[in-house]
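Scroll down for the structure; my scribbles are underneath it.
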């Protein structure tokens, strides 16, 4: 009935307009006022409205179904995406252009990234499964309001579920400050900040495994403050300070509430040419460790670990020619100062890698590893890797990595690791 009423209104308007056009006198003698025309139109609409109400009452009394009213097909230029309600008298007419179009804005961007690994070879020092769905990362990201955004990354493994990161970022603070609160990866070096699917390898370097907590790394609940500013001679400088609860894998262990850990990172970025840029950073982290857990309670928190790091990244990407050729060189040095009994262990580790883009979808790379162990610096691990990566599209990736490792226990290991990654949905950018 609503559609019948709406159609009647349109017919009435058209009829009155046609009558006025047919009976309109010449321009020289047209003295009829606009008010008279509007009044005639209103009377016509009122009469039709009364007839429609009579038909509706009669229909309700007899119980007959409402007659089918053909729905006009909207033209591409006049169709609107959403429906609202406009009230006229006692009737509500469906029109388009309402507020329900904002429903999508209330939903976060959702993504899912899968990481499937296979390994061939014998590794008794640090074995990995022959086949495994290593990780499935679910990402939820949304703008909360004009002042903040939220990010949450949930990692599903074969053995459980883990909140990898979940934090709120405040983007509208004064003086160009950006603050975060929640659980996040610490800004220590480069590799520690990266999720698994962003790495250019199937694994993490030995220095990360031995000194910075391995795959999880320094990943804890805390707060972070970052400030970026322009430096001299075209330098871009960024400083970050973070305070965490103090629990990060086997690197830090919080025994009391005051046993927080801290991280500081300074980064300097510069464009060398229009195709080449250099990124250099320095990191420091301090927290308590678990070396005193077997001692009396008053001595358990007397042992701390200090980490120092230096990282550098060189990127080359020509924008005018050879757009499918690029190179990224990375290196990172880490020093660990771990207090424990009978004496402090001072360990050093590093890696250096290079990745070259051969064509639109093909990449080759190599990496060298050297690292002492945090709990016993006399144990030294060394290794090297060769990597071949193919991207069928930006949503899928195939990678093969041959890895040779000489562990401190004199266990030379040759492995071939294969990786398949796939992505669904919108996944936000990671740190550059």
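The values are calculated or read from the model by the stated rules, or taken from the named source; none is laboratory data. The structure presented is a predicted model; accordingly, all values stated were derived computationally and were not measured. Ideal geometry is used to build each Cβ from the backbone, glycine not excepted, and the neighbour counts take in all protein chains shown.
Candidates in the range 379-419 are the residues that are within 20 Å of the chain's Cα centre (by Cα) and surrounded by fewer than 16 Cβ atoms within 10 Å (Cβ to Cβ); of these, the one that is modelled with the lowest pLDDT is 394. Considering the range 196-213, the residues that are farther than 22 Å from residue 379 by Cα and crowded, with 20+ Cβ neighbours inside 10 Å include one that is nearest to the chain's Cα centre (by Cα), namely 196.
For the range 260-268, check the following and say yes or no: at least one residue is farther than 22 Å from residue 330 by Cα, touching a residue at least 12 places away in the same chain (Cβ under 8 Å) and within 23 Å of the chain's Cα centre (by Cα). Break it down into steps so the answer makes sense when it comes.
Quick first cut of the range 260-268, residues farther than 22 Å from residue 330 by Cα only: 260-262.
Keeping just the survivors that are touching a residue at least 12 places away in the same chain (Cβ under 8 Å) gives 260-262.
If we keep only those that are within 23 Å of the chain's Cα centre (by Cα) too, we end up with none.
Scanning the range 260-268, I find no residue that is farther than 22 Å from residue 330 by Cα, touching a residue at least 12 places away in the same chain (Cβ under 8 Å) and within 23 Å of the chain's Cα centre (by Cα), so the answer is no.
Looking only at the range 247-257, decide whether some residue is surrounded by fewer than 19 Cβ atoms within 10 Å (Cβ to Cβ) and in a strand (DSSP E or B). No; the residues of the range 247-257 include none that is surrounded by fewer than 19 Cβ atoms within 10 Å (Cβ to Cβ) and in a strand (DSSP E or B). Pull up the range 214-231, narrow it to residues that are within 15 Å of residue 266 (Cβ to Cβ) and surrounded by fewer than 17 Cβ atoms within 10 Å (Cβ to Cβ), then point me to the one that is farthest from the chain's Cα centre (by Cα). It comes out as 231. Filter the range 144-166 down to residues that are surrounded by 14 or more Cβ atoms within 10 Å (Cβ to Cβ), under 15 Å from the mean Cα position of the chain (by Cα) and free of Cβ contacts under 8 Å to residues at least 40 places away in the same chain, then give me how many there are. So the answer is 6.
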